[in-house]
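Working notes for the structure below.
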Amino acid sequence: MEQPGSTGTQRQQLLLEELHKSQSEMTGQQLHRCLEGQPGAMGLATVYRNLRKLHQQGKVRCRHLPTGEALYAPVDRDEHHLTCVSCGSTQILQLCPIHELKVKAPETENFKLIFHTLEFFGLCNRCHTKD
């Protein structure tokens, strides 16, 4: 239940704290369930609204699975994935192949870079061997 007087900034901070506690990405529904019964708990729509604001501020990254489900993680967690387009399974890449890539002016003159995403799509071994 939403607390009276709870500001968007407090809600966003609470969501960020939950994301930092988690070892993996979380859906909005998972975050909502984690907060149930705690001070600062909020409705599901409020969770998603504040996640969208955090994403717009460059504090969380959002990744969409082929199923349409959105997964959120703190922006400082530099994870990239291999994703199966058939079953949706994902595997974390151990090293980011573009981590050292620098985008320089003139492209960045009117743009502040915050983070990057990299994701490869294909078929996992289980789905690839199905015919």
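The values are calculated or read from the model by the stated rules, or taken from the named source; none is laboratory data. None of these values were measured; they are calculated from a predicted model. Cβ atoms come from the backbone with ideal geometry, glycine included; neighbour counts cover every protein chain shown. Heavy atoms of the whole protein, side chains included, go into the accessibility calculation; ligands, DNA and RNA do not. Shrake-Rupley method; radii C 1.70, N 1.55, O 1.52, S 1.80 Å.
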Inset, instruction - Give a residue-ordered list of calculated ³J(HN,Hα) values for region 79-94 (Karplus: 6.51 cos²θ - 1.76 cosθ + 1.60, θ = phi - 60°; whole Hz; x for Gly, Pro). - result: 10, 9, 9, 9, 10, 7, 6, 8, 9, x, 5, 10, 9, 6, 6, 5
Inset, instruction - Specify the longest stretch of the chain that does not include any exposed loop site, a site being one of the chymotrypsin sites (Phe, Trp or Tyr not before Pro) with a non-H, G, I, E, B DSSP assignment and at most 14 other Cβ atoms within 10 Å. - result: 1-110
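Can you give the net charge of the other residues whose Cβ lies under 13 Å from the Cβ of T83, counting K and R as +1 and D and E as -1?
Residues near T83 contribute -3 overall.
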Legend entry - Solitary cysteines of the chain, where the nearest other Cys Cβ is not under 4.7 Å: C34, C62, C87, C96, C127
Inset, instruction - Over the chain, with every protein chain in place, what whole percent of the accessible area is carbon and sulfur at 1.4 Å, could you tell me? - result: 52
Inset, instruction - Pull up the cross-link candidates among the lysines for K53, meaning alpha carbon to alpha carbon under 26 Å and not fewer than 8 places away within one chain. - result: K21, K112
Legend entry - For the chain: Kirkwood Rh in Å [reciprocal of mean 1/r, alpha carbons]: 16.6
